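Asker: Quick one: the structure is below, questions incoming.
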Amino acid sequence: MGFGMNDEQAKYLIVISLDAFSEDHWEEAKKLPNLSLLIENGASSNQLKSVFPTHTYVAHTTMVTGVYPDKHGIFHNNPFQPFIPEKEQTWYWHQRDIKVPTIYDLARQNHLKTAGLLWPVSGKSSIQYNLPEVAAIKNENQIVKVIKNGSPFYIIDLELRLGKQRKGIEQPYLDDYTTLCAVDTIKRKQPNLLLLHLIDLDSAKHGHGTRSKEVMESLLRMDRRIGEILQGVKDANLMDSTVFFIVGDHGQFDIHYAVHLNNLLKDQGLIYKEKGRFRWRAYLQSTGGNAYLHLRDHDPDAEQLALNCLEEAMKEEKYGIEAIYSRQELDALRAGRHVKYAVEAKTGYSFKDSLSKATIENYLAKGIKSANHGYSPEKNHYKCNFIASGFNIKKDVHLGPIEMVDIAPTMAKVLGLDFYQCDGRVLEEIMI
């Protein structure tokens with residue numbers, strides 16, 4: 001399968017986000033047939049730095065905006081919803097929550113066709129052919145919710161023709177269906193920009209740990225799906241004018257202990273019950289590897305109590321607190337501006353919001369295999385992978401460290417567009 005080269009502009013860009021595709025699986029990826037083909041015929045890095053916190057929706061918003069969370073406004077997968085169980089929480093599903101323009105806005109303004117398949121924070125967006133990532137909660141109907149937030153005729157057409165291939169939102173069937181839809185969209189719609197989010201690898205790491213056989217099996221499926229997309233592009237006779245980006249959004253670390261830090265705030269009276277309902281003066285919203293400290297306005301006593309409590313806990317190994325970030329440190333990390341403090345977990349520890357369990361859950365003792373993310377992107381051995389391959393991309397080039405903010409302006413350059421003012425740079429060194 002060859003990649004043609006000529007002096008014209010690339011007409012098509014296919015961006016495949018492989019959730020949790022990180023440096024610790026780079027060597028395995030290089031041995032897989034389709035990924036190795038793209039690597040050998042392109043430019044790549046296993047030192048792509050994510051953003052703070054390393055959460056899927058935060059990172060994907062940076063991918064398409066070229067700016068850090070302090071500018072784009074998506075600071076977590078979920079808006080702040082204290083005491084609501086995780087499975088019942090709303091997420092940042094809609095583009096309206098993004099405070100800056102995106103690459104797909106720019107493409108549409110320049111009369112290019114766009115498609116999105118399970119791309120985070122793309123509900124009710126400007127994407128022309130859009131099957132957004134939204135999830136039914138409580139009594140909602142999943143298909144109805146997707147249709148309301150995406151492109152109705154496009155989604156209904158895919159469902160009628162291809163829906164039998166899907167088994168709800170279970171993996172690996174969901175990613176198989178999304179890949180099938182991507183191939184179908186390439187052949188039928190020929191979008192100039194296609195954004196595809198595949199989640200199988202992330203699910204395998206969360207559920208079984210980073211070095212499990214389930215993760216290795218997921219890597220094989222991931223490579224197969226990439227092969228199906230490459231074949232779809234070849235069948236549509238678009239290979240000679242297409243560029244492929246493969247992007248990881250964050251890494252994961254194996255979890256030995258889960259820590260419910262809000263129990264400590266509750267012990268200090270900062271979380272309490274009033275008329276049968278929980279109330280808070282200070283509350284930690286977890287990202288897994290991190291937690292934002294939310295404080296009531298005009299309550300300096302609560303702020304001091306909470307900080308004293310966390311500083312004392314930091315002295316004890318069992319709570320897994322590596323650092324307490326001030327606003328100055330959060331500014332340096334380009335984190336969302338909505339809080340004054342955050343708490344960083346040590347590798348091997350993960351924070352949880354809920355008050356319902358013992359403060360510390362020993363996963364090792366229970367034999368629970370699990371991994372998580374949400375830590376600072378500055379942690380060691382925690383970078384992501386990036387591959388660019390295809391039309392007018394240099395071959396067999398290995399890049400050094402690059403940033404998540406560099407992806408969007410580079411997408412624009414590939415498509416011959418001038419991107420908005422942003423925090424990233426065009427990766428000129430990958431282009432012929």
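We did not get these values from a lab; they are worked out from the coordinates using the rules stated. Worth saying up front: this structure is predicted, and the values here are computed from it rather than measured. Positions of Cβ are backbone-derived with ideal geometry, glycine not excepted, and every protein chain shown enters the neighbour counts.
Asker: Run the helix sum for the chain: -39,500 (n - 2.57) per DSSP H stretch of 4+ residues, divided by residue count, reported at 222 nm to the nearest 500 deg cm²/dmol. Let's see the in-between values first.
Answerer: Working: 15 runs with 140 residues, N = 432.
Dividing the helical sum by the residues of the chain leaves -9500 deg cm²/dmol.
Asker: Can I ask one more? Expressed as a whole percent, how much of the Cα-Cα distance distribution for the range 257-369 exceeds 22 Å? Don't jump to the answer; show the numbers that get you there.
Answerer: Details: 1917 of 6328 pairs.
The proportion of pairs with Cα distances above 22 Å equals 30 percent.
Asker: At 0.36 nm per residue, and after removing the present C-alpha to C-alpha distance, how many nm does the segment from Gln328 to Arg296 gain when stretched out fully?
Answerer: On the way: separation 32, 0.36 × 32 = 11.52 nm, distance 1.98 nm.
Extra length from Gln328 to Arg296 when fully extended: 9.5 nm.
Asker: What does the charge dipole of the range 352-420 about its Cα centre add up to, to the nearest 20 debye, if the Cβ of each Lys and Arg holds +1 and the Cβ of each Asp and Glu holds -1? Don't jump to the answer; show the numbers that get you there.
Answerer: On the way: 9 positive and 7 negative charges, 70 e Å.
Roughly 340 debye for the range 352-420.
Asker: Given a Förster radius of 45 Å and the C-beta distance between Glu317 and Gln165 as r, what FRET efficiency does 1/(1 + (r/R0)^6) yield to the nearest 0.05? Kindly include the intermediate steps, with their values, before the conclusion.
Answerer: Numbers: r = 48 Å, r/R0 = 1.08.
It comes out at approximately 0.40.
Asker: Where in the chain are the DSSP H helices whose C-alpha atoms run 24 Å or more along the long axis and whose mean Kyte hydropathy is at least -1.0?
Answerer: Values: long enough: 213-235 (33 Å, -0.49).
Helices passing the filter in the chain: 213-235.
Asker: Just going by the charge dipole of the chain, with Lys and Arg at +1 and Asp and Glu at -1 on Cβ, which of Met411, Pro82, Val64 is farthest out on the positive end?
Answerer: Checking the options against the dipole of the chain, the answer is Pro82.
Asker: Across 10 Å bins from 0, what is the distribution of all Cα-Cα pair distances for the chain, in whole percents?
Answerer: 4, 22, 32, 25, 12, 4, 1, 0
Asker: Just going by the charge dipole of the chain, with Lys and Arg at +1 and Asp and Glu at -1 on Cβ, which of Leu310, Tyr325, Val134 is farthest out on the positive end?
Answerer: The listed residue farthest towards the positive side: Val134.
Asker: What is the distance, in nm, between label points placed 7 Å from the Cα along the Cα-to-Cβ direction at Arg96 and at Lys234?
Answerer: Those two pseudo-labels are separated by 4.5 nm.
Asker: For the pair Phe83 and Asn308, what calculated FRET efficiency results from E = 1/(1 + (r/R0)^6), where r is the Cβ-Cβ distance and R0 = 35 Å, to the nearest 0.05?
Answerer: Details: r = 23 Å, r/R0 = 0.66.
Between Asn308 and Phe83 the formula returns 0.90.
Asker: Tell me the GluC sites (Glu not before Pro) within the range 1-96 that lie in a loop according to DSSP and have at most 12 other beta-carbon atoms within 10 Å.
Answerer: Working: sites: Glu8, Glu23, Glu27, Glu28, Glu40, Glu86, Glu88; in loops: Glu8.
For GluC sites (Glu not before Pro) across the range 1-96 that sit outside H, G, I, E and B with at most 12 neighbouring Cβ atoms in 10 Å, the list reads Glu8.
Asker: Rounding to the nearest 20 debye, state how big the charge dipole of the chain is about its Cα centre with +1 on each Lys and Arg Cβ and -1 on each Asp and Glu Cβ. Intermediate values should be presented prior to the final figure.
Answerer: Values: 52 positive and 55 negative charges, 239 e Å.
In debye, rounded to 20, the chain gives about 1140.
Asker: What lysines sit close enough to Lys346 to cross-link, taking a C-alpha to C-alpha distance under 24 Å and skipping anything fewer than 8 places away on the same chain?
Answerer: Within reach: Lys49, Lys205, Lys266, Lys315, Lys318, Lys357, Lys366, Lys369, Lys379, Lys383.
Asker: Another one. Obtain the nm distance between the two label points defined at Lys148 and Asn110 by a simple spin-label model: each point lies 7 Å from its Cα along the Cα-to-C-beta direction.
Answerer: Rounded to a tenth, the inter-label distance reads 3.5 nm.
Asker: Among DSSP bridges having both ends in the chain, what percentage is antiparallel? Round to the nearest 5. Spell out each step's value before the answer.
Answerer: Numbers: 34 of 62 bridges.
Percentage antiparallel, nearest 5: 55.
Asker: Ok, one more. Give the distance, in whole Å, between the Cα centre of the range 350-392 and the Cα centre of the range 127-141.
Answerer: The two parts, judged by their Cα centres, are 25 Å apart.
Asker: Would you mind calculating the gained length between His338 and Leu364 on full extension (0.36 nm times residue separation, minus the Cα-Cα distance), in nm to one decimal? Don't skip to the end; give the middle numbers.
Answerer: Details: separation 26, 0.36 × 26 = 9.36 nm, distance 3.48 nm.
Taking His338 through Leu364 to full extension adds about 5.9 nm, to one decimal.
Asker: Sequence neighbours fewer than 8 away in the same chain don't count; with that in mind, list the aspartates and glutamates whose C-alpha is under 19 Å from Lys275.
Answerer: Straight-distance partners of Lys275: Asp267.
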